[in-house]
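> After the structure tokens below, expect a handful of questions from me.
What follows draws every value from the coordinates through simple rules; no lab data is involved. Given the structure is predicted, the values throughout are model-derived calculations rather than measurements. A quick note on method: Cβ atoms are made from the backbone with ideal geometry, for glycine too, and the neighbour counts reach across all protein chains shown.
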Ligand code: SAM
């Protein structure tokens, strides 16, 4: 797809470039904030699976930049934002970057170290594995990423704090909802307008972190497993009805973002000279600095070079070798 055609078909892609966001995902977090006011009072935030960094940019612009430009803020008062990803990211104002794996137990320790023992007010996670297109498989791998994020949450989030995580809607959605409800009294699954209807992604917005009494982080997986069995959790009412256990829940599902705003499933015409505006397709704000596909491209190039050098070529029926 050409640049202009992509600009036409994906209004959020075009807008992201115009507004200086590294990815269109920025709008998803902004629209979640419009609905849930997630940034209110946040002094410490963690962005899990942050590359190429548009959510970190949102955190920086919403929290760090206003505080930095306020004359009252001293350096010690400035919001602290820690971003983690397997991939390296280009720097962002006020964001501490950690290159690491969120499924690794040591990652939480690194975050805590940066917060100097204090806890975070907000943890966001937009993590996604490489999608295979097999929905069950993708949903499973995605749910593992959320559980890894939840593990970090139980170590770094303060009581009363918020957690926002990307989920893939599927047959285990109600189980995930019940698991999150063990730790948060308010859990809503939200679909921002900038997220395409055709995509199974949605976002779990979890408010007022309240771990069960006497909760020990070591018991997390045991506790979550119990929710997976009928009537496994005391928090769920399993007394009647045809649905059992984790399935016996109603999930609050909310569309968010201005209803009159842009629709991510629609094509919008490009500005034309007839409107008095001239259209020029912009380059992406910040291409990934070391994307995972880079090695694949290099390997492919190298192998095609090898093929070019050593494969005999047929010209007009006669067999010749390159270089001959
Ligand atoms: N929120 C980002 C933004 O706005 O720019 C986009 C995130 S992108 C959809 C998903 C990211 O998850 C990728 O950068 C990928 O490297 C990261 N990721 C996947 N598995 C991870 C893991 N186990 N640990 C850390 N990052 C991971």
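> Which FRET efficiency, nearest 0.05, do residue 106 and residue 280 yield, Cβ-Cβ r, R0 56 Å? Present the calculation step by step, with values, prior to reporting the outcome.
Details: r = 46 Å, r/R0 = 0.82.
Once rounded, the FRET efficiency stands at 0.75.
> Apply the a/c threshold of 1.5 to the C-alpha gyration tensor of region 1-158 and tell me whether it is rounded, prolate or oblate.
It is oblate, given that a/c is not under 1.5 and a/b is not larger than b/c.
> Where does each of 170-176, 22-28 land if you order them by average Cβ count within 10 Å, highest first?
22-28, 170-176
> What does a probe at residue 253 reach in region 191-210, counting residues whose amide N is under 18 Å from the point 7 Å along Cα→Cβ?
Residues 191-206 qualify, since their backbone N sits under 18 Å from the label point.
> If r is the Cβ-Cβ distance from residue 144 to residue 34 and R0 is 25 Å, what FRET efficiency results, to the nearest 0.05?
0.25
> OK, next. Can you tell me which of 147-158, 190-201 comes out highest on packing, and rank the rest after it, using the mean Cβ neighbours within 10 Å?
With the highest mean Cβ count within 10 Å placed first, the list reads 147-158, 190-201.
> For residue 118 and residue 298, what is the calculated FRET efficiency with R₀ set at 45 Å and r taken between the beta-carbons, to the nearest 0.05?
That pair, residue 118 with residue 298, gives E of 0.60.
> Right, here's the next one. For a quick protection proxy, order the peptides 52-58, 114-120, 179-185 by their average other-Cβ count within 10 Å, most packed first.
Per-residue Cβ counts within 10 Å, averaged per peptide and sorted highest first, yield 52-58, 179-185, 114-120.
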